[in-house]
1. Can you pull the accessible area of I30 for me, 1.4 Å probe, Å² to the nearest 10?
2. Let me cross-check V73: its accessible surface, 1.4 Å probe, with only protein heavy atoms counted, in Å² to the nearest 10?
3. Express in Å², to the nearest 10, the accessible area of I7 obtained by rolling a 1.4 Å probe over the protein heavy atoms while all chains stay in place.
Amino acid sequence: MGIIAWIVIGLLAGAIAKALMPGKDPGGIIVTMLIGIAGGLLGGFLGKVIFGVDSIDGFFDLSTWIAAVVGSVILLALYRLFTSRGHGHRRGHVHA
């Protein structure tokens, strides 16, 4: 698949992952799109390594979309985990 197809899948997979995991995410739509694109790649890699299948067969194959959404959900969960740790306290902030 070409880079344009990956971007489209990533955008849609990121939106689906966001719908499956509602809540406020720091970073907005740009971060969600990047997570979706990276999630598609992660999902395809994990499908190949864990299950020994080529889950990135083509744009219209269900396995491609499932892999992309699962990868996006994983990355979104990790992103929330790491960004929520920094919101509890501010670094360098001195209380008077």
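1. I30 has an accessible surface of roughly 100 Å² with all protein chains in place.
2. That residue has around 40 Å² of solvent-accessible surface.
3. Around 70 Å² of this residue is reachable by solvent.
The values are calculated or read from the model by the stated rules, or taken from the named source; none is laboratory data. Bear in mind the structure is a predicted one, so any value in this text is a computation, not a measurement. All accessible areas refer to the heavy atoms of the entire protein, side chains included, with ligands and DNA or RNA removed. Shrake-Rupley method; radii C 1.70, N 1.55, O 1.52, S 1.80 Å.
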